[in-house]
Each structure stands twice: as C-alpha cells, then as structure tokens.
Amino acid sequence: MDSGEIDRREAVKVIAAGTAALVPLAAAAPPPAPKFFNADEFETLATLAEMIIPETDTPGARAARVHEHIDLVLSEETPEVQKQFRAGLARVRAEPAARRGEALSQMSVPGNAGHEFFLELRRRTVFAYYTSEIGLHQELNYRGHQVLDRWSGCPHPDHHGDEA
C-alpha cells in the first residue's frame with residue numbers, strides 16, 4: 001500500500017471519531033421553537049402541564065417536554081380545536097401568574113367554567129408524558145419487548161373476573 005493511502009480500517013476509525021465529536025453538539029441544540037403557540041402561551045402551557053404532572057422522584061411534564069408535544073399536535077389540528085384550546089389557555093393566562101394554579105384547580109371541578117379545557121389539557125398532558133422517554137421508561141419502568149419464561153397473571157386476586 002502506498003504511504004499516501006489509508007486502509008479501510010483507518011478510514012472507519014476516522015469517520016467514527018468525527019461522528020463521536022459531533023454528538024455533544026447535537027445534544028446542546030436549543031429547544032425547538034413553538035409551531036402553534038406564541039412564546040408566552042408556550043411557557044404557560046409548560047407551566048400548566050408541570051402542575052398536572054409535577055417533578056417528584058421522577059422528572060415532571062416540563063422535563064418530558066410535554067408542552068412541545070402538545071404544541072406540535074395542536075399545530076396540525078382543525079381550526080376549531082385550535083380555537084377552543086387557545087381560548088381555554090387564554091382564560092388561565094388572564095389570571096396573574098401567582099393565581100394560575102388556583103385557576104386551574106377551579107377548572108378541574110365539574111360544572112365550573114373552563115372544565116372542558118381542563119379535561120382536554122389533562123388528557124393531552126397525560127398522553128404526551130406517558131408516551132415520552134421519561135414517562136415510559138423512568139416513571140413506568142418499561143423495559144421494552146421481553147420474552148417471559150412464564151406468566152403468573154395479575155397479582156390482584158380481585159382482578160381475575162372469576163368471582164361468583
């Protein structure tokens with residue numbers, strides 16, 4: 001082999017080293033810009049989602065980027081759905097920031113103004129959280145597809161459906 005040539009093994013090493021050097025740059029990328037909401041609405045949505053699923057011994061909704069998922073999905077919804085969600089969000093945003101938690105709590109009560117928005121926000125938050133990497137793997141401890149050598153069934157005796 002000519003001294004100016006590089007063998008295949010060396011080429012692979014060079015490519016792998018170059019790719020590995022780019023990985024930290026990709027991890028430091030800024031969060032995506034909102035697709036549907038303006039910046040203030042986007043931040044309010046993140047705060048409300050965190051109120052619904054707060055950080056405990058596992059990360060909360062903000063860390064799971066629930067607000068980004070909701071924003072993306074709503075960007076592709078019908079104009080009517082978008083209008084209804086934005087109106088509900090505006091109702092909460094009309095409150096001073098310190099009272100938004102209380103406003104959301106009031107909306108959670110059936111029959112109160114904004115209850116439909118609360119239900120929709122909660123539904124979207126829970127779905128986005130438990131389908132995220134954090135919700136699925138850290139909260140639910142999902143380990144992926146596994147082959148079980150045996151299945152002992154549900155450990156709760158009252159869930160077997162064979163009671164008389």
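What follows draws every value from the coordinates through simple rules; no lab data is involved. Fair warning: this is a prediction, and the values are worked out from it, not measured in the lab. With ideal geometry, Cβ positions are generated from the backbone for all residues, glycine too; neighbour counts draw on all protein chains shown.
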- Message: If you filter region 23-124 for GluC sites (Glu not before Pro), then keep DSSP loop positions with at most 12 other Cβ within 10 Å, what is left?
- Response: Glu55, Glu76
- Message: What distance in nm separates the two pseudo spin-label positions at Ala97 and Lys35, each 7 Å out from Cα along the beta-carbon direction?
- Response: 2.8
- Message: So the label point goes 7 Å from the Cα of Glu77 along Cα→C-beta, right? Which residues of region 96-137 then have their backbone N under 14 Å from it?
- Response: 115-128
- A student applying the Cα gyration tensor rule (rounded when a/c is under 1.5; otherwise prolate if a/b is larger than b/c, oblate if not) would label region 51-164 prolate
